[in-house]
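Here's the structure, in structure tokens; my notes come after.
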């Protein structure tokens, strides 16, 4: 960079006749394609955030590369994360929206993890997430106190998925009596099961409820009885899972399991990228957050904008992986 600056000064001083000073970042990205990998199927919140970022970030990366979103399915996003870590070129041409629970499942020693989340170059997230437990209007239960006294059937995708983990944590740490039925293929299928009366509730993020089912919220079809993550300004009077915990150690275990709420729907790039390109990608992400076209589209899709920087994401991941072994062992059964 010093040689580049000196060359520019020389040119301006008339010591050499050269075209406009080259920008090494722009030179690298000009005419290139940047792949945005998505480890889940199309249509969900991860996919929505990834494609929204992909539509705008290219205009803010020097050289204006073309962004191409690609869904790469398998093992709840682990196949994609392993690919990003071990196979994708380490030059700044591959990014991905990472499942926010991946650092935690690495910390507790889940099988098939072939990545080190601390070595990804974390770029940013549009907003943190808030996990909620919602019960359908016919459940006969509208509060944690009532859920401690009465069994309620909850729909879930399966173990090691937050739709199972969240009600399981409420049973363990808050004394609820949720009966968890697994095997649904996704949130939309669970929603239908709630409407049909097969199950009485489910876990979902607060932002997803607002985007996908605003009519349910407006009509009071669901009651939010607990949440985990940063306290939402528009979710007053609902207890957090951490507040419901009985001991300090319980709270620490909960914090580890739900660490992904602080990551939101995070964008990361491969390890090994030159530092100046990482900075360019992070700067481009922050510029997107101020892009009026992006803001207009996000607001139209009811997506909250409360950006988490790449540096903040990196710190959260490092803290998760530094969790003491005894707490990781306590958390592991909730994630297996």
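Throughout, read-outs are computed from the coordinates displayed, never taken from laboratory work. Since the model is a prediction, treat every value here as computed from it, not as a measurement. No Cβ is skipped: glycine too gets one built from the backbone with ideal geometry, and neighbour counts run over all protein chains shown.
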Among 60, 49, 102, which comes first, then next, by fewest other beta-carbon atoms within 10 Å? 60, 49, 102
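Can you tell me the equivalent ellipsoid semi-axes for the stretch 45-152? Use √(5λ) from the Cα gyration tensor, largest first, whole Å. Before the final figure, lay out the partial values.
Numbers: eigenvalues 247, 77, 27 Å².
They are 35, 20, 12 Å, listed from largest to smallest.
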Taking the number of other C-beta atoms within 10 Å as the exposure measure, put 251, 196 in order starting with the fewest. 196, 251
Helix axis angle, 162-174 relative to the chain longest principal axis, alpha carbon, degrees: 50
Given the options 255, 282, 246, state which has the largest fluctuation in a GNM of the chain using a 10 Å cut-off (strictly under) for Cα springs. 246
What nm value, rounded to one decimal, do you get for the distance between residue 251 and residue 22 when each label is placed 7 Å out toward the C-beta? 5.6
Taking every pair of alpha-carbon atoms in the stretch 131-256, give the share separated by more than 17 Å as a whole percent. 53
Who wins for biggest fluctuation among 193, 50, 22 in a Gaussian network model of the chain, springs between alpha carbons below 10 Å? 22
If I take all pairs of Cα atoms in the chain, what percentage of them are more than 37 Å from each other? 22
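What percent antiparallel are the DSSP beta bridges of the chain, to the nearest 5?
Beta bridges within the chain, antiparallel portion: roughly 55 percent.
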Helix 275-289 versus the longest principal axis of the chain: what angle, 0 to 90°, nearest 10, using Cα atoms? 60
For the chain, modelled as a GNM with alpha-carbon contacts under 10 angstrom, which of 67, 281, 192 fluctuates the most? 192
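Please give the contour-minus-distance gain from residue 329 to residue 210: 0.36 nm per residue of separation, less the Cα-Cα distance, rounded to one decimal in nm. Show your work: numbers first, answer last.
Details: separation 119, 0.36 × 119 = 42.84 nm, distance 3.47 nm.
Going from the current span to full extension adds 39.4 nm.
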Round to the nearest 10 and give me the degree value, 0 to 90, for the angle of helix 248-257's Cα axis relative to the longest principal axis of the chain. 60
